[in-house]
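Remarks on the structure that follows.
What follows is calculated from the coordinates using simple rules that are stated; it is not laboratory data. From a predicted model like this one, the values you see are computed outputs, not experimental measurements. When we count neighbours, we look across all protein chains shown, and the Cβ atoms used for this are built from the backbone with ideal geometry, even at glycine.
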Amino acid sequence: MKISNDIAKIYGTVQEQKGSEAKLDGAKTASSIKSSEGQCPAETVSIPKNHSSALPPEIRQALEAIFGKDVPLDKEAVQILKTYMDKFPGSLDDKIQVIQNLLSKELDINMTNLKLVHEALFGREVGEIIKELGKDYGISFENTVAKDIGSLAEEVKSLLAQGVSLNKICDLLESAASDMSPRAKIILTKAANEGRQAAAYRMDDLGQKIIIKALKDAAEEDIEEGAGKTGHKTRESGIASTFEMKEGAEQEYIASVLGTAGLSGKNYMVTEVTARLKAAGQSFKELKRDVANNLDMAVRHIKESGASGINNARIDLQKTIDSLDKAILKSDIALFADMKLEKELVKADSQLQKAKTLLDAGEYDKACKLVEKVKTTIESLNWKPSNTRVLHFASLKEGFEEGKSPENKLKTALKGLTQNFSQEDYTPRKVYEALRMLGGDHEGEAARFLAGENVREEELHNNIKSLIFKLSEKGNPMAELAQKVTGSQLLNRTDNGPLQTMFFALPLTINGNVSDMKVYINSKKDEKKLDWQNCSIFFLIDTKKLGETGVLLQASGGNLSITVKNDRDDLKERVSPLLMGFKENLRELGYEVSNIGFARLNAKEEEKQMTSSRMINTAANSINPMKKGFDIKI
């Protein structure tokens with residue numbers, strides 16, 4: 001596996017510590033590293049210089065940089081590291097990175113932890129394992145791009161909400177038409193051509209109306225020509241509700257949407273999903289009310305004279321930010337809401353973070369105006385569910401029905417994971433749902449359930465990791481997948497000190513091909529959360545069209561630098577048009593893009609050596625004494 005220098009930078013950032021822990025000035029901790037394989041010796045010993053052959057010089061160099069010339073290891077830890085270095089696959093640099101991550105997360109040195117972290121960082125891709133399991137469970141990923149009229153309409157709606165250009169939507173329409181019935185194909189192709197003409201004359205409103213009408217007309221033709229196909233009648237009504245859903249008609253709406261998946265006959269499902277949808281709508285009304293009240297109080301406190309008023313305003317803003325965070329990641333509001341609504345909530349959250357920063361800088365008038373603007377925006381939002389998200393939820397609900405075997409539930413979870421980002425629905429909530437479906441938050445959910453938080457008990461074990469553990473026979477791919485998830489959890493443990501590092505891999509289905517999007521995060525902490533204004537994020541993915549591509553985002557004080565890395569000579573030409581829209585979206589979220597650059601992804605050999613050395617030296621001061629145990633709130 002090729003790792004970019006940017007990953008090394010992210011994982012090699014110096015962390016300042018307090019007390020007796022490692023300092024930036026180079027002071028070393030005297031604490032020893034112990035293994036946890038069986039009973040540890042009562043005393044630890046430094047590695048004698050004449051025993052240096054027990055570990056590779058590079059490993060000893062890394063440990064000496066952390067602990068000084070006398071590396072305090074117990075004998076068993078030395079043997080475990082030697083066994084790991086000798087028997088595990090991968091390059092020396094890979095293994096050094098595994099050991100450094102193990103130490104930086106304060107994990108015991110044992111073969112289990114080494115294997116889990118190694119598997120998470122350098123094992124097979126999650127997507128590759130899922131494809132292998134898919135063959136065993138009869139799951140196909142090749143036809144995921146085929147669209148019926150209903151899913152096409154939902155995708156068009158999503159693109160319109162994102163402000164995607166009319167020409168691109170027309171291209172999508174024309175491409176999807178090739179899989180439709182003959183009459184529907186004619187209607188959609190004609191609409192695509194007329195839409196382009198409207199775009200040429202800057203008549204986008206007219207072009208959108210042409211496209212929406214064509215989708216409804218194509219649905220009617222689909223009904224007439226598709227005799228014998230289940231669910232077409234409800235699919236037509238689903239088209240209408242794609243663009244509008246009336247309050248008070250939730251049950252009819254749900255029945256229509258579920259009909260597109262052949263679930264219309266399951267009345268209990270309609271009842272359950274309708275109840276959840278109504279509750280989500282009510283929760284959204286309460287969220288709007290509470291946010292408006294909190295922001296109103298914040299404005300009053302800002303306008304008060306004195307430090308106490310500003311401090312109270314900060315409290316009001318933080319309370320509102322916490323409410324929005326919970327709505328986006330943990331409530332049914334964002335689970336069912338369309339992308340536009342979720343995007344507005346994320347935007348409001350970001351703007352309130354910026355308002356806090358303005359308060360800290362003493363710019364009270366600007367902060368007050370921004371808070372008032374957010375309050376007005378929140379009050380203008382309307383609750384609107386997404387067809388695709390409702391249908392995805394219902395399909396999972398049906399697949400996880402009580403009484404179904406763990407094998408059937410695992411099949412549902414695998415399909416749910418690969419379909420999670422359908423219609424390019426890439427949002428914070430969708431990212432969380434993907435990690436949750438993998439089992440990355442299983443222990444966290446269990447802890448919140450035991451603490452009395454609003455976590456549904458029946459959904460606690462409906463994730464891939466938990467279901468694999470329930471199976472009596474666990475084949476090699478299943479064990480690999482469970483190890484990758486658990487290893488990622490270890491890498492995402494909360495760090496001591498002012499910085500937090502994280503890593504996870506999200507399987508994305510692109511044109512029928514499942515490929516991992518690897519995400520490496522290094523961020524300052526802001527009240528136990530990641531500081532989105534001061535962080536580095538590196539995305540790495542391998543696609544058929546562009547090959548291995550990395551995107552490095554570096555944020556400092558809300559200013560963002562973007563570097564796209566790829567070995568293609570025509571990278572800038574192909575990617576620049578896409579980055580302009582990306583830049584505008586980031587600006588809406590509170591980032592000011594200061595620079596967009598392009599570079600080769602694969603570093604020269606001497607640069608790799610420098611990076612490896614820098615990883616050893618800069619990571620040296622980040623290590624704290626070992627702590628045993630597993631953090632249940634990963």
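If I take R0 = 22 Å and measure r between the Cβ atoms of Glu458 and Glu286 in this structure, what FRET efficiency does the formula 1/(1 + (r/R0)^6) give, to the nearest 0.05?
Efficiency computed from Cβ-Cβ geometry: 0.35.
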Please give the length that would be gained between Lys525 and Lys366 if that part of the chain were fully extended, namely 0.36 nm times their separation in residues minus their C-alpha to C-alpha distance (nm, one decimal). 54.8 nm
Using alpha carbon coordinates only, what is the Rg to Rh ratio of segment 485-556, with Rh defined as the Kirkwood radius? 1.05
What number does segment 355-403 give for Rg over Rh if you use C-alpha atoms and the Kirkwood radius? 1.42
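Rank-order 544-554, 85-95, 448-458 by packing density, defined as the average count of other C-beta atoms within 10 Å over each peptide's residues, highest first.
544-554, 85-95, 448-458
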Distance in nm between pseudo-label sites at Asp136 and Ala200 (7 Å out along the Cβ direction from Cα): 5.6 nm
Expected sort for 251-258, 163-170 on mean C-beta neighbours within 10 Å, highest first, is 251-258, 163-170
Taking the Cβ-Cβ separation of Arg183 and Asp86 as r and a Förster radius of 60 Å, what is the calculated FRET efficiency to the nearest 0.05? 0.35
Return the long-range amide H neighbours of Gly439 (sequence gap of 5 or more, or a different chain), with a cut-off of under 5 Å between placed amide H atoms. Ile464, Lys465
So what's the gap between the Cα centers of segment 269-323 and segment 500-557, to the nearest angstrom? 30 Å
Segment Glu344-Ala275, length gained on full extension (0.36 nm per residue, minus Cα span): 22.4 nm
Rounded, prolate or oblate, given the Cα gyration tensor of segment 418-538, with a/c below 1.5 counting as rounded? oblate
